[in-house]
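S.K.: Once you've had a glance at the structure underneath, I'll fire off some questions.
The values are calculated or read from the model by the stated rules, or taken from the named source; none is laboratory data. Please read these numbers as outputs of a predicted model, since none were measured by experiment. Positions of Cβ are generated from backbone atoms using ideal geometry, with glycine treated the same way; all protein chains shown enter the neighbour counts. In case anyone asks, the SASA skips ligands and DNA or RNA and just uses the protein heavy atoms, side chains included. Shrake-Rupley method; radii C 1.70, N 1.55, O 1.52, S 1.80 Å.
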Amino acid sequence: METPISEQDIEYAETYLAAGDISTASQMLERYLELVEDYIAEMCQATDEVQYFSFQDSFERLCYARVEHDPRRIVAVPAPFDRLYSDVAYVCIQQQDYERARDALVQAVRWNPMNCKYRLDLAEIFRALGDIQEWAALSNSVLERASDGRVAARAYSNLGQLFIDQDNAVAASGCARLAVRLAPADARTVALMDRLAKEHPEVAKDSDDHVLGELSIQGIPTSPSADVAICLLICASDAATAGDRAQAAEYTARANGLIGKEACSALIKMIRETDNEGGANAQ
């Protein structure tokens, strides 16, 4: 079966979205969706040996393998199906059809589980539909997958607001402090800090050990994933070897923003030592 749509087709529909022509974009996207779902049903059925995804780049593919521990062979689909479903969700939100937007974003996450923006957008839909538990669970799921400090900060800010609502100001303070480390100027970080200052000014005196200890008790990671940072640094090394300095710098900057320069330096040293050991063993 031939590939039903291309990335260029999706980009063309997105020009109408950008122009605010929701009606025209919706008609195009609905037709693309029909073609894609027929293609998926015939060509992209997962098995115990094979799974299909629409990862954006080699980093997402590497990160999925390391974080999700999926032993199956990963096959790239011929077009960004995740992006198509995300665009459909956007249209549904504009039309205030939140249940269909939820269903579309579930599919966006399925086709690219490493794109944390989809997870956070889906979380907000669940929140709008009154499912606070799923909003919190999706926000928490971002922390072990986030490859951008701002995205991780947004997840911490969501959880911080939840902890305030649950009268756990200590855990909320832990979330706020981690969000500040990652993205101090982000609107959600600022909103969480302002709410804490107004409703629970007493927690400002608590030590980091105390508030982060409470987060651990609640089952919340107290730092973004080191595995994700390792994947970023491996991809940075590969890009540098290939002569793509801009890409190498971008990956390195993302890793620095995620876990800090000192931790990144330690990971780079570890990766180089592992590479050297592998080369020596191969000789």
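S.K.: With springs only between Cα atoms under 10 Å apart, run a GNM on the chain and tell me which of PRO80, PRO224, PRO71 wobbles the most.
M.R.: Maximum among the listed residues: PRO71.
S.K.: Also: By a straight-distance test (C-alpha under 15 Å), which aspartates and glutamates pair with LYS198 as possible cross-link partners, with residues fewer than eight away in the same chain excluded?
M.R.: Of all the aspartates and glutamates, those that pass the test against LYS198 - Cα under 15 Å, at least 8 places apart if same chain - are ASP165, ASP167.
S.K.: Could you work out how far apart the two model spin labels at ALA65 and ILE217 are, taking each label as a point 7 Å from the Cα in the direction of the beta carbon, and quote it in nm?
M.R.: 4.1 nm
S.K.: Find me the longest stretch of the chain that has none of the exposed GluC sites (Glu not before Pro), where exposed means in a DSSP loop (not H, G, I, E or B) with at most 12 other Cβ atoms within 10 Å.
M.R.: Working: sites that count: GLU2, GLU49.
My reading of the result: 50-283 is the longest stretch.
S.K.: Separate question: How large is the accessible surface of LEU129 in square angstrom, using a 1.4 angstrom probe and rounding to the nearest 10?
M.R.: 70 Å²
S.K.: Based solely on C-alpha atoms, express the radius of gyration and the Dmax of segment 7-130 in angstrom.
M.R.: So, for segment 7-130, Rg and Dmax equal 14.8, 43 Å respectively.
S.K.: Using the Cα atoms of segment 100-197, I'd like the radius of gyration and the largest Cα-Cα distance, Dmax, both in angstrom.
M.R.: Final numbers for Rg and Dmax: 13.0, 40 Å.
S.K.: Let me ask something else. Rounded to the nearest whole Å², what accessible area per residue is found for the chain with the 1.4 Å probe?
M.R.: Details: 14560 Å² over 283 residues.
On a per-residue basis, 51 Å².
S.K.: Using just the C-alpha positions of the chain as equal point scatterers, what log10 of I(q)/I(0) does the Debye formula give at each q in 0.09, 0.11, 0.12 1/Å?
M.R.: The Debye formula, applied to the Cα set alone, gives -0.51, -0.76, -0.88.
S.K.: Rounded, prolate or oblate: which one fits segment 226-276, using the alpha carbon gyration tensor with axes a ≥ b ≥ c (rounded when a/c is under 1.5, else prolate when a/b beats b/c, else oblate)?
M.R.: oblate
S.K.: How much accessible surface area, in Å² rounded to 10, belongs to the heavy atoms of MET43 with a 1.4 Å probe?
M.R.: Answer for MET43: close to 70 Å² accessible.
S.K.: How high is the relative contact order of segment 223-275, in percent, counting Cα pairs under 8 Å that sit 6 or more residues apart?
M.R.: Computed value for segment 223-275: 39 percent relative contact order.
S.K.: While we're looking at this one, here's another question. Heavy atoms only, probe 1.4 Å: what % of the accessible area of segment 148-218 goes to carbon and sulfur, would you let me know?
M.R.: It is 52 percent, rounded to a whole number.
S.K.: Also: Considering only protein heavy atoms, what is the solvent-accessible area of ASP165 at a probe of 1.4 Å, reported in Å² to the nearest 10?
M.R.: Looks like 90 Å² after rounding.
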